[in-house]
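Chemist: Below are the structure tokens for one structure; questions will follow.
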Amino acid sequence: MKIIQRDALNGFAADLGGTKIAAARIENGKVVERLLAPTDPAAGPEAQIAAIRTLLDQLGHSKGAPLGAAVTGRVDRAGAWHAVNSGTLPAILGFPLEQELVRALGAATCLNDAAAAAFAEGLFGAGATSDSFAYITVSTGVGGGLVIGNRLVASENGLAGHVGFVSSRHANGPCGSGRMATVESTAGGRGIAAAAAAAGQQGVDARAVFLAASEGQDWADRIVATSARAVATLIGDLTAILGLDTVAMGGSIGLAPGYIERMRSVLSDEPELFRPRLVLAELGHDAPLIGALAAHLGKENP
Ligand code: ADP
Ligand code: BMX
């Protein structure tokens, strides 16, 4: 992988999450235009590609232009795409995503969304001076990317860095991954909505739970507090394993006002050794987009 300078990033990127698809045109390392569309969680891989393509067409993408695609789910070394949480994207069961994007759009590099964001933050953002860095997104799910000794941690099966599937003492239900009581099942957007339903608030999404918490409603405050507590505890655990010095938060929940302060308050109870620097992602919602394009342009033959 070549290391690419930020101002040399020119091209397109897509970020397909469990709730929304973002696509962007990037010039000299900056997102100059961004479009959003809702994700259809039930859609098959061809329909997901079509949705990405519609946005890219509107941004003026032409066949063969540099393209990085960040997606929720694991992407293995062969470029195949699999949901880990099958409750989030039930129809993504091992699809040759990179191959099909290259066929349809002429060029593409695919990687997990949180891995892409970690890569960007490690190069250009909160992790730039870190020796042991984690990016954690709290969004539809809870995802992660690890940059240790300036290298993005990756595995053949694409699962490396999936920190949301660690089990948590703050969770107790089943997780769509098949595991029990994971961080994601209690802290992610779907888990928050499920907790709201269990508290008698049917059809309420995580954004509405945060709004209710900000208005002082106790049921909502408890749910948000549990989410922040589970992710903060996860950070202590990851620090024990990896010696993290910096953690950056992303995703609409990770970036939501007040969330990182709740996490810091929980982490303040940890011994200092297990308490890395905790900051918001410097690239914000652009991190997965910029990281995906950087990964594409950093390939020897993109
Ligand atoms: P994706 O998971 O598709 O990448 P997001 O990062 O936007 O997308 O995360 C989606 C989750 O964040 C949903 O559960 C949604 O309800 C929640 N959410 C969106 N905006 C906010 C907000 N302002 N405050 C709290 N939660 C939010
Ligand atoms: C889940 C998992 C990860 C992903 C993370 C954040 C699936 C479909 N996704 O842990 O691969 O990185 O969610 O994704 O198994 P998002 O949709 O919340 O942005």
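The values are calculated or read from the model by the stated rules, or taken from the named source; none is laboratory data. Since we're looking at a predicted model, the values are computed, not measured. So basically every Cβ, Gly included, is an ideal-geometry build from the backbone, and we count neighbours across all protein chains shown. Quick note on the areas: whole protein, heavy atoms, side chains included, nothing else; ligands and nucleic acids left out. Shrake-Rupley method; radii C 1.70, N 1.55, O 1.52, S 1.80 Å.
Chemist: So what J values fall out for the range 4-13 if you push phi through Karplus, 6.51 cos²θ - 1.76 cosθ + 1.60 with θ = phi - 60°, rounded to Hz, Gly and Pro as x?
Modeler: Karplus-based 3J(HN,Hα) across the range 4-13 equals 9, 6, 4, 6, 8, 7, 9, x, 10, 8 Hz.
Chemist: Another question, if that's okay. Find how much the distance from Asp7 to Gln58 grows on full extension, using 0.36 nm per residue of separation minus their present alpha carbon separation; answer in nm with one decimal.
Modeler: Difference between extended and current length: 16.0 nm.
Chemist: Same structure again: What are the residues whose amide H is under 5 Å from the amide H of Thr246, where those residues sit 5 or more places off or on another chain and H is modelled from the backbone?
Modeler: Distant-sequence amide H within range of Thr246: Ser132, Ala134, Arg277.
Chemist: By what distance, in whole Å, do the Cα atoms of the range 126-282 stretch along each of the three principal axes, largest value first?
Modeler: Largest to smallest, the principal-axis extents are 46, 31, 26 Å.
Chemist: Show me, for the range 216-224, the HN-Hα J-couplings you get by feeding each phi into the Karplus relation (A = 6.51, B = -1.76, C = 1.60, θ = phi - 60°), rounded to Hz, glycine and proline as x.
Modeler: x, 7, 4, 4, 6, 4, 4, 5, 5
Chemist: By what distance, in whole Å, do the Cα atoms of the chain stretch along each of the three principal axes, largest value first?
Modeler: Here the spans come out as 52, 41, 34 Å, largest first.
Chemist: Net charge around Phe124, counting only other residues with Cβ within less than 12 Å of its Cβ (Lys, Arg = +1; Asp, Glu = -1)?
Modeler: Around Phe124, the surrounding residues sum to -2.
Chemist: Could you please state, rounded to a whole Å, how far the C-alpha centre of the range 182-212 is from the C-alpha centre of the range 119-151?
Modeler: 26
Chemist: Expressed as a whole percentage, what fraction of the accessible surface of the range 126-282 belongs to carbon and sulfur atoms when a 1.4 Å probe is rolled over the protein heavy atoms?
Modeler: Carbon plus sulfur share of accessible area: 51 percent.
Chemist: Compare the peptides 51-57, 284-290 by average per-residue count of other Cβ atoms within 10 angstrom and give them in order, highest first.
Modeler: Per-residue Cβ counts within 10 Å, averaged per peptide and sorted highest first, yield 284-290, 51-57.
Chemist: Apply the Karplus parameterisation 6.51 cos²θ - 1.76 cosθ + 1.60, with θ equal to phi minus 60°, to every residue of the range 144-153 and state each ³J(HN,Hα) to the nearest whole Hz, in sequence, with x for glycine and proline.
Modeler: x, x, 10, 10, 10, x, 6, 10, 6, 6
Chemist: Hey, could you pull the Cα Rg and Dmax for the range 258-300, both in Å?
Modeler: 15.5, 45
Chemist: Only Cα pairs under 8 Å and at least 6 apart count here; give the relative contact order of the range 126-282 as a rounded whole percent.
Modeler: It comes to 26 percent, rounded to a whole number.
Chemist: Under a 1.4 Å probe, what is the accessible area of the range 166-302 per residue, stated in Å²?
Modeler: 46
Chemist: Given N residues in the range 6-112, what is its alpha carbon radius of gyration divided by 2.2 N^0.38 Å?
Modeler: It is 1.00.
Chemist: Counting GluC sites (Glu not before Pro) as exposed when in a DSSP loop with at most 13 other beta carbons within 10 Å, what is the longest stretch of the chain free of them?
Modeler: Of all site-free stretches, the longest is 1-155.
Chemist: Something else now. Enter the accessible area of Asp218 (Å², nearest 10), with the probe set to 1.4 Å and all protein chains included.
Modeler: Number for this one is 100 Å².
Chemist: Rounded to the nearest percent, how much of the accessible area of the range 1-119 (1.4 Å probe, protein heavy atoms only) is carbon and sulfur?
Modeler: Its accessible area is 52 percent carbon and sulfur atoms.
Chemist: Taking the Cα centre of the range 162-241 as the origin, how large is its charge dipole in debye, to the nearest 20, when only Lys and Arg (+1) and Asp and Glu (-1) carry charge on their Cβ atoms?
Modeler: 200
Chemist: With a sphere of radius 12 Å drawn around the Cβ of Ser168, what net charge do the other residues whose Cβ falls strictly inside it have (Lys, Arg +1; Asp, Glu -1)?
Modeler: +1
Chemist: Hey, another quick one. Only bridges whose two residues both fall in the chain count here: according to DSSP, what percent of them are antiparallel, nearest 5?
Modeler: Looking only at bridges with both residues in the chain, the antiparallel portion is about 60 percent.
Chemist: Percent antiparallel among DSSP beta bridges with both residues in the range 126-282, to the nearest 5?
Modeler: 55
Chemist: Would you mind working out the accessible area per residue for the range 6-112, using a 1.4 Å probe, and quoting it in Å²?
Modeler: Averaged over the residues of the range 6-112, the accessible area is 41 Å².
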